[in-house]
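The values are calculated or read from the model by the stated rules, or taken from the named source; none is laboratory data. If you're wondering where the values come from, they're calculated on a predicted model, not measured in any experiment. So basically every Cβ, Gly included, is an ideal-geometry build from the backbone, and we count neighbours across all protein chains shown. Note: areas computed on protein heavy atoms with side chains; ligands, DNA, RNA excluded. Shrake-Rupley method; radii C 1.70, N 1.55, O 1.52, S 1.80 Å.
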Amino acid sequence: QVQVVESGGGLVQAGGSLRLSCAASGRINTYVMGWFRQAPGKEREFVAAIRWSGGSTYYADPVKGRFTISRDNAKNTVYLQMNSLKPEDTAVYYCNAVKFNSGSAYPNNENWGQGTQVTVSS
């Protein structure tokens, strides 16, 4: 099982930037780690993922070209650099292990962290 603690959210104006951090523990070197988000009244959705071994990255279409996922192996930390933020990026962002099935991304761990709130004002 992977356990995570997310941080770095906040309030930012449209066009601004934020960097989220995810401190992870467990056997994360065997996982793909990533970010999901949940906006008010909507289902949780996949945002981005990174393969811990090798560093391959994956992005949801709405964030391609604006968000960058990275990891620090020594710190067991995953980052999400978010640029050119839009009001529709407003959500609680969660870090978790990721699995892929038929081209779609799903959480690969039943435990969720507390998430970190990102609010983008127009």
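Quick notes on this structure:
- Selection count, the stretch 88-114, where residues are more than 18 Å from Thr68 (Cα to Cα) and either at pLDDT 95 or above or open to solvent by 60 Å² or more (accessible area, probe 1.4 Å) (or both): 11
- Here Ile69 fulfils each of the conditions (1) open to solvent by 40 Å² or more (accessible area, probe 1.4 Å); (2) modelled with pLDDT of 95 or more; (3) out of contact with any helix residue (DSSP H, G or I) (no Cβ under 8 Å at 6 or more places or on another chain) apart from (1).
- The conditions of being open to solvent by 60 Å² or more (accessible area, probe 1.4 Å) and under 11 Å from the mean Cα position of the chain (by Cα) are not met by Thr30.
- Restricting the stretch 67-105 to residues that are over 16 Å from Cys22 (Cα atoms), part of a loop (DSSP other than H, G, I, E, B) and without any contact (Cβ under 8 Å) to a residue 12 or more places away in the chain, the residue that is farthest from the chain's Cα centre (by Cα) is Ser102.
- Filter result for Gln13 (open to solvent by 50 Å² or more (accessible area, probe 1.4 Å), closer than 22 Å to Glu110 by Cβ and either in contact (Cβ under 8 Å) with a residue 60 or more places away in the chain or among the aliphatic types (A, V, I, L, M) (or both)): no
- Of all residues in the stretch 56-66 being open to solvent by 70 Å² or more (accessible area, probe 1.4 Å) and part of a loop (DSSP other than H, G, I, E, B), the one that is nearest to Trp35 (Cα to Cα): Lys64
- Among residues of the stretch 1-55, those that are in a loop (DSSP other than H, G, I, E, B), touching a helix residue (DSSP H, G or I) at 6+ places or on another chain (Cβ under 9 Å) and at pLDDT 95 or above, counted: 2
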